[in-house]
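To start, the structure itself, in structure tokens.
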Amino acid sequence: MHKLFIFLLSCILMLNSSLVEALQIKSVKDNQTALIKISSKEQSRIFVQNDRILVVRGLDGAYELKKDDNIGDIYVQPSSYYQHKAFNLFITTEQGHSYNLLATPLEIPGETIEIKPLSPSLTLAEHWEKNSPYADTLVNLINSMVNNTNPDGYAVINLGKTKPKKLTNCLSMRLLTIYRGDHLHGEIWIIKNEAKNSTYVNPRDFYQDNSLAIALQNEALNAGDETVLYRVISDEQ
């Protein structure tokens, strides 16, 4: 029974691993080139996060293309001559993003490629920022960061593991996520109490010249505790 359990657990882990590998995520700025892997003999699905692909251009005869106009996804399969040759796909989206995808066909099953915008859609972001009174817009942006949602047109950039900045002998802060809009810019930070004693933090401690709004998850920190800081700053010079 014990050996059977281990065998089944191994199968589950292998299955989960293959599912994870079947999704390629590419974070790309506008007009930047992204290197993607596609299947040489099957269709590969490509979509843009929170957007729809409208136009696809590329070398004639290099690939076969199917579009799902309802959701804005595309399905690409190289032609027989390009099953072992890379080719470019130039895509334009509903929100005005443009990307150059350098597709390399490989002997792999068809995969899904997600394009995550690192550049905001300025027209949509500007409309979202001006759609409500100024104070409400700042509150709405902080609420979006708290609830992990995307304001219209914003590029949300998850930074992964970043190096902490030392604030004082007991406090450090580490940037997690950036919300990039038109005139506004949101930041999510982790604040950590690295002292052996409890401490108190105040939102005013984290203001800088271009700060517009700040919220803290908790202000009282025991030794080793962390809290989340949400900050909105102005991108206007």
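The values are calculated or read from the model by the stated rules, or taken from the named source; none is laboratory data. Worth saying up front: this structure is predicted, and the values here are computed from it rather than measured. Because the Cβ atoms are built from the backbone with ideal geometry, glycine has one as well, and the counts that use them run over all protein chains shown.
Before moving on, here are some points about what is shown:
- Of all residues in the range 106-129, none satisfies being free of Cβ contacts under 8 Å to residues at least 24 places away in the same chain and in contact with a Pro (Cβ under 7 Å, 6 or more places away or on another chain).
- Residue in the range 169-221 that is nearest to residue 132 (Cα to Cα), counting only those that are among the aromatic types (Phe, Trp, Tyr) and either surrounded by fewer than 16 Cβ atoms within 10 Å (Cβ to Cβ) or touching a helix residue (DSSP H, G or I) at 6+ places or on another chain (Cβ under 7 Å) (or both): 179
- If the condition is being assigned to a strand (DSSP E or B), surrounded by fewer than 20 Cβ atoms within 10 Å (Cβ to Cβ) and hydroxyl-bearing (Ser, Thr, Tyr), then the range 91-125 contributes 92, 98, 104, 112.
- Filter result for the condition that a residue is among the aromatic types (Phe, Trp, Tyr) and closer than 17 Å to residue 23 by Cβ, over 75, 82: 75
- Within the range 87-100, residues that are in contact (Cβ under 8 Å) with a residue 60 or more places away in the chain have Cβ atoms under 6 Å from residues that are surrounded by fewer than 19 Cβ atoms within 10 Å (Cβ to Cβ) and outside any strand (DSSP E or B) in these pairs: 97/30; 98/30; 98/31, counting only partners at least 6 apart in sequence or on another chain.
- Considering residues of the range 50-90 that are over 22 Å from the mean Cα position of the chain (by Cα), of a type in the set (Lys, Arg) and surrounded by 14 or more Cβ atoms within 10 Å (Cβ to Cβ) only, the residue farthest from residue 114 (Cα to Cα): 85
- Residue in the range 62-83 that is part of a strand (DSSP E or B), among the polar types (S, T, N, Q), over 28 Å from residue 154 (Cβ atoms) and touching a Lys or Arg at 6+ places or on another chain (Cβ under 7 Å) present: no
- In summary, residue 138 fulfils each of the numbered conditions (1) of a type outside the set (D, E, K, R); (2) under 25 Å from residue 52 (Cβ atoms); (3) at pLDDT 95 or above with the single exception of condition (2).
- Members of the range 130-154 found to be assigned to a helix (DSSP H, G or I), surrounded by 13 or more Cβ atoms within 10 Å (Cβ to Cβ) and without any contact (Cβ under 8 Å) to a residue 40 or more places away in the chain, listed by number: 140, 143
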